[in-house]
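Heads up, the thing below is written out as C-alpha cells.
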Amino acid sequence: HRRPDLAITDIRGNVDTRLRKALEPGGIYDAVVLAAAGLERLGRLDVVTQLLSLDDMLPAPGQAALAAQCRDEAESRALLEPVNDSATAIAVTAERAFLAGLGGGCSLPIAAYATVEDDGLWLHGRVTAPDGTEQIDVHRSGAATVVDARAVGNDLAREALDRGVKRLLELIA
C-alpha cells in the first residue's frame, strides 16, 4: 500500500531458504520481509537491514506468540500456568477475534496488533486490498480481560466490515 512501485511476490521455503534466496548474488529478490521475532529466536538478526514500523507493516494476528496445547482438564492447565503470560493471551485473543470476525482464512491481507498496558487493551486492525490500492485501518480499546478482548476484536471486525472490508471481500469472491 505504501510502496506501489514495488513488485511483491511470494517466496517459499523455511527461513534459511528464504534468506539464501534474498542474499543470492544476482538473485531475483531485492529484499525479503520476515518476522524479526522469528529471526531473533533463530539467532539470525545479523541479516536484518531494516525494521519496519507498525505504521508501515502490522503483523498477522498472533504473530510471534507461542502456544502450548494441552488437554482441557484442570491438572494439565495447572502444569502450564507458570509459563502463561496473561497479557499475551489477552492480546492474541483480541487479534484472533478480529480475524475470525472478518471470516478468518480469506485471501485478503489482514493484520492486527494488540497491546495490554495499565489494565487496558488497545487493538489496531488493518485490511489491505490484494493489489495494495486500498487500506482500511481501525482501532478500538477495552478492558484487559479475555472476555473483553473477544468483544473488542469482534466489534472491531464489524467496524472494519462497515468501513469497506465487506466490499473488498466481495471483490475477491
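The values are calculated or read from the model by the stated rules, or taken from the named source; none is laboratory data. Here the structure is a predicted model, which is why all the values come from computation and not from measurement. All Cβ positions, glycine included, derive from the backbone under ideal geometry; neighbour counts span all protein chains shown. With ligands, DNA and RNA removed, areas are computed over all heavy atoms of the protein, side chains included. Shrake-Rupley method; radii C 1.70, N 1.55, O 1.52, S 1.80 Å.
Overview of results
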quantity: Residue pairs meeting the criteria (Cβ under 9 Å; at least 6 apart or on separate chains; first touching a residue at least 60 places away in the same chain (Cβ under 8 Å), in the stretch 58-71; second open to solvent by 50 Å² or more (accessible area, probe 1.4 Å)); calculated: Leu58/Tyr113
quantity: Matching residues, the stretch 53-92, being small (Gly, Ala, Ser), more than 30 Å from Thr128 (Cβ to Cβ) and part of a helix (DSSP H, G or I); calculated: Ala74, Ser76, Ala78, Ser86
quantity: Within the stretch 8-52, tally of residues that are closer than 27 Å to Arg96 by Cβ, charged (D, E, K, R) and outside any loop (DSSP other than H, G, I, E, B); calculated: 3
quantity: Unique residue being within 21 Å of the chain's Cα centre (by Cα), closer than 28 Å to Ile172 by Cα and open to solvent by less than 100 Å² (accessible area, probe 1.4 Å) when the list is Leu39, Leu52, Leu6, Leu45; calculated: Leu52
quantity: Odd one out for Arg77, checked against (1) modelled with pLDDT of 90 or more; (2) open to solvent by 100 Å² or more (accessible area, probe 1.4 Å); (3) over 30 Å from Val152 (Cβ atoms); (4) among the basic types (Lys, Arg); calculated: (3)
quantity: Answer from Ala97, Ala149 - the residue that is open to solvent by less than 40 Å² (accessible area, probe 1.4 Å) and touching a residue at least 60 places away in the same chain (Cβ under 8 Å); calculated: Ala97
